1. Taking the range 336-365 only, how many residues are within 16 Å of ligand 1 (Cβ to nearest atom) and either open to solvent by less than 20 Å² (accessible area, probe 1.4 Å) or assigned by TED's automatic domain parsing to the domain that holds His101 (or both)?
2. Determine whether the range 88-102 contains at least one residue that is touching a strand residue (DSSP E or B) at 6+ places or on another chain (Cβ under 7 Å), under 30 Å from Pro26 (Cα atoms) and modelled with pLDDT of 95 or more.
3. Give the residues of the range 449-464 that are at positive phi and within 11 Å of ligand 1 (Cβ to nearest atom), sorted by residue number.
4. Which residue is farthest from the chain's Cα centre (by Cα), if the candidates are limited to the range 268-291 and must be on the phi > 0 side of the Ramachandran plot and open to solvent by less than 10 Å² (accessible area, probe 1.4 Å)?
5. Has the range 372-390 got any residue that is of a type outside the set (A, V, I, L, M, F, W, C), in contact with an Asp or Glu (Cβ under 6 Å, 6 or more places away or on another chain) and modelled with pLDDT of 95 or more?
6. Any residue in the range 467-484 that is open to solvent by less than 50 Å² (accessible area, probe 1.4 Å), over 28 Å from Val148 (Cβ atoms) and of a type in the set (Val, Ile, Thr)?
7. Got a number for residues in the range 313-335 being in a loop (DSSP other than H, G, I, E, B) and open to solvent by 60 Å² or more (accessible area, probe 1.4 Å)?
Amino acid sequence: MNVQERKNYINGRFVGSAKQFTKLSPVDGSEVAIVHEADRDMVDQAVQAARGALKGPWGRMPLQERVDLLRRIAAGIEARFEDFVAAEVADTGKPVSLASHLDIPRGAANFRVFADIVRTYGTESYFLDTPDGKGAVNYAIRKPLGVVGVISPWNLPLLLMTWKLAPALACGNTIVAKPSEETPSTATLLAEVMHGVGVPPGVFNVIHGFGPDSAGEFITTHDGVDGITFTGETGTGSAIMKAVAPTVKPVSFELGGKNAGIVFADCDFDAAVAGMANAIFSNCGQVCLAPERVYVERPLFERFLAGLKQKAEGYIMGWPGEAKTSMGPLISKLHREKVLSYYELARKEGATVVTGGGVPKFGDARDNGAYVQPTLWTGLPETARTVREEIFGPCAHIAPFDKEEEAIAMANDTRYGLASTVWTTNLSRGHRVAQAMEVGISWVNCWFLRDLRTPFGGAKLSGIGREGGLHSLNFYSEPTNVCVKL
Ligand code: NAD
Ligand code: 6OD
């Protein structure tokens, strides 16, 4: 693929910058894109454009027209499906099969789903009895939050950005969006689609850059931004909270996790092994919902471990475009250093390495990439850092348990609270254990099965608020109660 230029999109125009950085391929270290980094002034221009657009044709657009526009954006993504897949694969190195079955279709689906949901979004009304017997009618109307800052990560770039953009636009907001510096491409293509389908200038702006002392910080500290929706690390969420405090912006945060899987001896064995392998290793383990801790009921422990090991060793790290490829690299060499530091730490903490634990050797250009082996450990105490800290790689620690209560206690013994997955054929136990999980998303006999209308987000350090369906619409809009005395 040729090296692409990725510019900012401000007030309906693609804008270059004197300051640029190079995006490298995690597959072979080659140059993927030259990215124009926005300075504070460019972020200010984007915010002013977004503020202006709230008062322009967009602010007066009837709901049905906005809904039609959202559908045209979805169709626009689909019309350039191959471009989006190629761009996502170039930035992330993920297999083409994954980008074309998950990332890009979901990027389009998010716009259709929220177009449908906003069409039927109702508001509250109450009749109040008054002493004169005539009463009063209360009803709430919903207004856009205003200019929304959307800051997203690199693991599912288009999917996670559109998950926020679609409901924000559905509610009539305007947007200043910043993709991760690691994945600038699909957000830029999306700007081209928005431009092409007639989204008015200023409604959607894309800003490229980093976090601290760069575009991310310039967005969060700008007093013309009315709210921040962020997906990324818990530490970054904490820094953003501090940054927005002086201007008291509402935040919606989807943060990190150290998720648990619980496998009971009565599970459907083949489904559980396949399901847990997919949960641990999909997208090279770079999914916030991935279980890095797995608790297996003791009678099944050795058999389950052997099954999971076999799955781990079956992953094929081919080139992204090859049909046989089932695992790509990590996002960057920098992230690989972090993951490998945990591979090392696990050994120091006394882990038995069941499989993996290192870097694969290819004998070709992939040796310049950011690949790591899928890795499983046993034998660590629950206090080990490897068991407590988010790694965000293709790895998990597998531990036995004897009693249901013990598994629940270990699963919940974490400062995070994003997701969990429980595998059992006992229906009552499935419900009971799923409900006992201190998380925002609790799966039984499945993982990452997503109905986009359901609440999505994390408990504890894994987030603030919920997005999804009506929850998204509640964040991206402000109610005004109107009280009419009769
Ligand atoms: P990150 O926090 O490093 O970066 C996310 C985004 O924030 C990027 O666009 C980055 O440039 C920006 N950023 C960084 N510092 C900033 C600052 N001080 N101010 C403003 N913006 C700043 O996260 P990442 O490494 O891109 O993604 C991986 C992390 O995201 C993992 O912790 C993972 O669990 C989490 N994640 C959570 C969810 C969820 O839904 N809960 C989904 C995906 C990823
Ligand atoms: O499916 C989604 O909408 C969603 N937010 C997934 C998050 C995945 C985290 O890596």
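The values are calculated or read from the model by the stated rules, or taken from the named source; none is laboratory data. Since the model is a prediction, treat every value here as computed from it, not as a measurement. Here the Cβ is made from the backbone with ideal geometry for all residues, glycine too, and neighbour counts use every protein chain on show. The protein model used for the area step is the full one, side chains on, heavy atoms only, and it has no ligands, DNA or RNA in it. Shrake-Rupley method; radii C 1.70, N 1.55, O 1.52, S 1.80 Å.
1. 1
2. Filtering the range 88-102 for residues touching a strand residue (DSSP E or B) at 6+ places or on another chain (Cβ under 7 Å) gives 90-91.
From what's left, under 30 Å from Pro26 (Cα atoms): 90-91.
Keeping just the survivors that are modelled with pLDDT of 95 or more gives 90-91.
Yes, the conditions are met somewhere in the range 88-102.
3. Step one: filter the range 449-464 for residues at positive phi, giving 457, 460, 463.
Result: Gly457, Gly463.
4. Cys284
5. Within the range 372-390, the subset of a type outside the set (A, V, I, L, M, F, W, C) is 373-375, 378-379, 381-383, 385-386, 388-390.
Checking which are in contact with an Asp or Glu (Cβ under 6 Å, 6 or more places away or on another chain) leaves us with 386.
Next, only the ones that are modelled with pLDDT of 95 or more stay: 386.
Checking the range 372-390: at least one residue is of a type outside the set (A, V, I, L, M, F, W, C), in contact with an Asp or Glu (Cβ under 6 Å, 6 or more places away or on another chain) and modelled with pLDDT of 95 or more.
6. The answer is no; no qualifying residue exists.
7. Initial filter on the range 313-335 (in a loop (DSSP other than H, G, I, E, B)): 315-332.
Subset that is open to solvent by 60 Å² or more (accessible area, probe 1.4 Å): 316, 319, 321-324.
Looking only at that region, the number is 6.
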